[in-house]
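The values are calculated or read from the model by the stated rules, or taken from the named source; none is laboratory data. Only a predicted model underlies this, so the values are computations on that prediction, with no experimental measurement involved. Reconstructed Cβ throughout: ideal geometry from the backbone, glycine too, with neighbour counts over all protein chains shown.
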Amino acid sequence: MNATPLADLSADDLATLLDEQRAAYEELKTRGLKLDLTRGKPSAQQLDLADDLLRLPTSTRDSKGVDVRNYGGLEGLADLREMFAELLWVDPEQVVAGGSSSLTMMRDCLFYLTLFGAVDSERPWGQEEKVRFVCPVPGYDRHFTLLESLGIEMVTVPMHEDGPDVDAVTALVADDPSIKGMWIVPTYANPSGSIVSQDVAARLAAMPTAAPDFKIFWDNAYALHHLTEDEAKSADILTLASAAGHPHRPIMFASTSKITFAGAGVAFLAASTDNVAWYLGHLGNGSIGPDKVNHLRHVEFFGDAQGVRDHMARHREIIAPKFAEVDRVLTERLGGRGVATWNTPTGGYFVNLDVVPGTASRVVELAKAVGVALTPAGSSFPYRQDPEDTNIRLAPTMPPVEEVTAAMDAVATCVLLAAAEKAAG
Ligand code: PLP
């Protein structure tokens, strides 16, 4: 295969390449593809791993004798909190086991902050003239739409391999009291696959902020979702923040959505005990207790924290080959062409593909027209605005591996065609 970078091709060779890719694209149209790489959902095969949950719990009481069928225990079942405290490297009393969605917990926290303020706020955020959040990009689209729905302004900083650009963050938060918080997906970030280093975490925990009630929304959705045996350990943000004199700064979130059942698992919040009391105080006005039957079901299913780790290894066996396939096809088709870069994540659910600036929307449009659904260009940026129009999020977990191959082959053709079109003017 000719892998000359597009920029080095003569006008004639570029015209030939454009013709070749147009022909390849016409051929794609005849394939009748119907493939979807849009959302990071587990595949049916992954969900099957947790089917025993459907026959649990066998007991009505937990190890402490709590009858899970009754009201109460707003903080969640102790056995489950202990299990996930170990997995998230926090103390059990810092953990709340809640409903089935961590995103809902994040939204509730933002509502409470807006309506009532934090334990360290001077007034409710809703009474501030302006509230702004630092958003590392590319990032998780639902984080951004949630802020947008509340009128919280978003300020972007670049996401690097070791986490958000910490110099940019510290500079932003130092002088501007309207900057009240930031998002971070610390482990195998959506979609960059980045892992926040110990050093970056320590600096974020310790940095001076103009807002006294600055919050880090530490969304550890992929804490346990390793794609290799080299398992990243998330930085211990609660201890770091506490040691730096900012114990109430981080609020951690996690869930079993991509461990057991997506939308029918258990979500967790972890924070300082004051923050936990704050959260439960507000939650208690609208809930008498969580679904402890589901909590017990999860306790019985896993047995202990090691049971969760073993379960995640089975997920890895199913999805790692799909990620390998994305890399193989992209390398084979686009390697050396100078038309795209992508990451090879060691965990999480996404591959981050950067195409020739100004062509991401065109690639997504071309792919759609041949039956390959990709996440809309710009989705990983606040207000859906990718200033460079370069970023595409690929989510390969859900389709079977042969569909991943077919989809990536089609995507590669679309990337090359869009790049050749642009280069040819
Ligand atoms: N946080 C991140 C970073 C995610 O990628 C997702 C789902 O894709 C969620 C949260 C949603 O989690 P939950 O199902 O617990 O609401």
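Scanning segment 1-29 for residues that are among the hydroxyl-bearing types (Ser, Thr, Tyr), touching a helix residue (DSSP H, G or I) at 6+ places or on another chain (Cβ under 8 Å) and at pLDDT below 95 yields a count of 1.
Residues to consider are Ala320, Ala324; find the one that is assigned to a helix (DSSP H, G or I), closer than 22 Å to Leu227 by Cα and free of Cβ contacts under 8 Å to residues at least 60 places away in the same chain. On inspection, the qualifying residue turns out to be Ala324.
For segment 328-336, the count of residues that are part of a loop (DSSP other than H, G, I, E, B) and more than 22 Å from Glu229 (Cβ to Cβ) is nonzero. Applying the condition of being assigned to a loop (DSSP other than H, G, I, E, B) and near the ligand (Cβ under 10 Å from one of its atoms) to segment 262-279 and asking which residue is surrounded by the fewest Cβ atoms within 10 Å (Cβ to Cβ) yields Gly263. Could you please tell me which pairs satisfy a Cβ distance under 8 Å, a separation of 6+ or placement on different chains, a first residue in segment 218-238 that is farther than 15 Å from Asp162 by Cα, and a second residue that is within 16 Å of the ligand (Cβ to nearest atom) and of a type in the set (D, E, K, R)? As it stands, the answer is Ala221/Lys258; Tyr222/Lys258; His225/Lys258, since those pairs meet every condition given. Consider segment 235-260 and keep the residues that are under 26 Å from Asp310 (Cβ atoms) and assigned to a loop (DSSP other than H, G, I, E, B). The one that is nearest to the ligand (Cβ to nearest atom) is Ser257. Residues that are β-branched (Val, Ile, Thr) and within 10 Å of Pro382 (Cα to Cα) were ranked within segment 148-161; the one that is farthest from the ligand (Cβ to nearest atom) is Val155.
Taken together, Pro321, Pro345 contain a single residue that is surrounded by 23 or more Cβ atoms within 10 Å (Cβ to Cβ) and either within 16 Å of the ligand (Cβ to nearest atom) or modelled with pLDDT of 95 or more (or both), which is Pro345.
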